[in-house]
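Reviewing the structure listed below.
The values are calculated or read from the model by the stated rules, or taken from the named source; none is laboratory data. Everything numeric here is computed off the predicted structure, so don't read it as measured data. Here the Cβ positions follow ideal geometry from the backbone for every residue, glycine too, while neighbour counts run over all protein chains shown.
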Amino acid sequence: MRLLLAMLLTGAAFGQTAKSFDVASVKPSDCRQGADVRLYPGGRLHITCQSVNIILRQAYNLEHYQISGGPPWLGTDHFDIEAKAEGDPSKEEMWAMLRALLADRFQLKVRMETKEESIYALVAMKDGPKLQPPTGERSYISLMRYDPPTEPGIHYALVGKKASLALIAQHIGQQMGRPVIDRSGIQGEFDFKVDYAIDDNPESGAPLMTAIQRELGLKLESTKGSMQSLVVEHAEKPTAN
């Protein structure tokens, strides 16, 4: 059963009024500078070679599977955005101003929905987890691609340092394309590495779900849960300025 919040967002944070950038430029990107989304102190926003869908993920703090609707070009066309606000606004204020800018320049209209979806729960296996104690003070999780000469297919390594199970679950969900919630009951922070392949060739290596069991002593169980998603109802390509 779908619970519709039915709130049209005109760039404000879920119905709240947002300030605006003093100056802003939005134009199609030739992607010569590479892809980047960056906030600088002093109210400066710098975006290069990004699709609107990627920008929406940043502006609303969502994963790719939480955004739907709108014309196909939202995921294929790339844009550069340069904007400057007065003073030194917080990160949250900057994202709110970006939402307002998207509504203004792209005539963007969106709504939030919360509905029951199939999700995964991350739980410990019978023999217990295979997590390593942290070896440093820095906390991060990164995804690396590599192509071993002895194995076909595309391979990735999900590597983390000083990461909680909740953070590990979040990053696994990004790769699975479905929310993953931590139900392991395991407290603390850990180092880990998961090597996996993404094709169906058995010679390529273990798929992600199998690799999680083998290398972490954890597993994913299918369940139901609430997921909030952003639905794009209307969007128009902006004129370059």
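Give me the residue from the range 123-143 that is in a strand (DSSP E or B) and free of Cβ contacts under 8 Å to residues at least 60 places away in the same chain and, out of that set, farthest from Phe190 (Cα to Cα).
Once the filter is applied, the top-ranked residue is Leu143.
Would you pick out the residues in the range 74-122 that are closer than 21 Å to Cys49 by Cβ and without any contact (Cβ under 8 Å) to a residue 40 or more places away in the chain?
Hits for the range 74-122 are Gly75, Thr76.
Which residues, taken from the range 159-179, are closer than 15 Å to Tyr196 by Cβ, surrounded by fewer than 21 Cβ atoms within 10 Å (Cβ to Cβ) and in contact (Cβ under 8 Å) with a residue 40 or more places away in the chain?
Residues satisfying the conditions are Gly173, Gln174, Met176, Gly177.
Do we have any residue at all in the range 77-90 that's in a helix (DSSP H, G or I), out of contact with any Leu (no Cβ under 6 Å at 6 or more places or on another chain) and modelled with pLDDT of 95 or more?
No, the range 77-90 contains no residue that is in a helix (DSSP H, G or I), out of contact with any Leu (no Cβ under 6 Å at 6 or more places or on another chain) and modelled with pLDDT of 95 or more.
Exactly one of (1) of a type in the set (Gly, Ala, Ser); (2) closer than 16 Å to His234 by Cα; (3) in a strand (DSSP E or B) is unmet by Ala24. Its number?
Ala24 satisfies all of (1) of a type in the set (Gly, Ala, Ser); (2) closer than 16 Å to His234 by Cα; (3) in a strand (DSSP E or B) except (2).
I'd like the full set of residues that are hydrophobic (A, V, I, L, M, F, W, C) and either in contact with a strand residue (DSSP E or B) (Cβ under 6 Å, 6 or more places away or on another chain) or outside any helix (DSSP H, G or I) (or both), limited to the range 169-190.
Ala169, Ile172, Val180, Ile181, Ile186, Phe190
Restricting the search to the range 137-153, which residues are touching an Asp or Glu at 6+ places or on another chain (Cβ under 8 Å) and at pLDDT 90 or above?
Across the range 137-153, the qualifying residue is only Ser139.
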